[in-house]
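Q: Sharing a structure with you now.
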Amino acid sequence: MARILIADDALFMRFTLKRTLTQAGHEVVAECENGQQAIEKYGEVQPDLVFLDITMPELDGLSALHAIRESDDAARVIMCSALGHGNKVREALDAGARDFIVKPFTPERILEAVNKALA
Amino acid sequence: MQQAYIEPFLQAGSEVLAAVTGVTATCGAVVPAGRPLMPERVSIVLGVIGALQGQVILSMSEATAAGIAGLMMGMEEAGFDEMAASAVSELGNMIAGNAAVLLGQSKLHCDLTPPTIIFGADVHIALRVPALMAPLTLPLGVVEIAVSLTEA
């Protein structure tokens, strides 16, 4: 059971991610609509795991990933994007993301990534 | 060239629709879109930037949008509300995102702008480049994909 922060600008994505995670027994401790909110909330709630979308207003997910990992080098972050370009995936993994999930995803794919990140 | 540009969007459209709704779509013939483009009541517009530039527009009836959103959420459809609008916006995002990956494999590296949803009857969209369009037909309705792209 993990305390998880979700950042995605789409209401629908926050809804489906939260449902998948809570049904598996995890707790969603914060929901953010952009990268800036995610950075602020990360410091505030100190989650075990973060889900970051990439294309978001205000501040994108890759910038948020860099900032969160700078503030806490043990931060566990999973990227989740509709745009799974090789260069975006490489940049995310180089910056310390544990996994890169391309939308659309199945609940199984999400939970597998969570279990691997928490192991 | 437009024909080559629309193919990845139709392939991604079929794959993403099958993944999120569990139903296989049938792709109809590609035809020139009208100018101006007159979409159905619910349209999702995404900007393409990079090696290709222009717009991709998905359009469908309100009932089709509500039906697809219901399947995406695994729920009884509750009409076309804020959650359904967000779901079909994400559908557009996922189709264009997966198409961009396919275009990248042909060395056409593109990025996307976040989806804009346009809701209403009698909408006219003026496109700089004449678009091609094709219908993806599901049991619950038709999703039209129009692509207006040019090399940067």
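The values are calculated or read from the model by the stated rules, or taken from the named source; none is laboratory data. Every value quoted in this text rests on a predicted model; they were computed, and no experiment measured them. Positions of Cβ are generated from backbone atoms using ideal geometry, with glycine treated the same way; all protein chains shown enter the neighbour counts. To get the accessible areas, we keep the full protein, side chains included, count just its heavy atoms, and leave off ligands, DNA and RNA. Shrake-Rupley method; radii C 1.70, N 1.55, O 1.52, S 1.80 Å.
Q: Which helices (runs of 4 or more DSSP H) does the range A:1-73 wholly contain that include 2 or more residues that are of a type in the set (G, A, S)?
A: It comes to A:35-45, A:61-71.
Q: Hey, another quick one. Within the range A:21-47, how many residues are open to solvent by 60 Å² or more (accessible area, probe 1.4 Å) and out of contact with any Asp or Glu (no Cβ under 6 Å at 6 or more places or on another chain)?
A: Qualifying residue count for the region: 9.
Q: With the requirement that a residue be open to solvent by 50 Å² or more (accessible area, probe 1.4 Å) and closer than 24 Å to A:F12 by Cβ, what does the range A:56-75 give you?
A: A:P57, A:E58, A:D60
Q: Let me ask another. Is there a residue being within 13 Å of chain B (Cβ to nearest Cβ) and within 10 Å of the chain's Cα centre (by Cα) anywhere in the range A:85-102?
A: yes
Q: Go through the range B:24-45 residue by residue and tally those that are in a strand (DSSP E or B), under 17 Å from B:P130 (Cα atoms) and among the hydrophobic types (A, V, I, L, M, F, W, C).
A: Here the count works out to 3.
Q: On the basis of being within 18 Å of A:S81 (Cα to Cα) and more than 16 Å from the chain's Cα centre (by Cα), does B:H109 make the cut?
A: yes
Q: Kindly indicate whether B:L91 is within 12 Å of another protein chain (Cβ to nearest Cβ) and under 20 Å from B:V143 (Cα atoms).
A: Values: within 12 Å of another protein chain (Cβ to nearest Cβ): yes; under 20 Å from B:V143 (Cα atoms): yes.
Against the criterion (within 12 Å of another protein chain (Cβ to nearest Cβ) and under 20 Å from B:V143 (Cα atoms)), B:L91 qualifies.
Q: On to the next question. Return only the number of the condition from (1) within 19 Å of B:S43 (Cβ to Cβ); (2) open to solvent by less than 50 Å² (accessible area, probe 1.4 Å); (3) facing another protein chain (nearest Cβ under 9 Å); (4) not polar (S, T, N, Q) that B:A100 does not satisfy.
A: The one condition B:A100 does not meet is (1).
Q: May I pose another question? Taking the options B:E40, B:E7, name whichever one is farther than 14 Å from B:V147 by Cβ, under 13 Å from the mean Cα position of the chain (by Cα) and surrounded by fewer than 21 Cβ atoms within 10 Å (Cβ to Cβ).
A: Of the residues listed, the single one that is farther than 14 Å from B:V147 by Cβ, under 13 Å from the mean Cα position of the chain (by Cα) and surrounded by fewer than 21 Cβ atoms within 10 Å (Cβ to Cβ) is B:E40.
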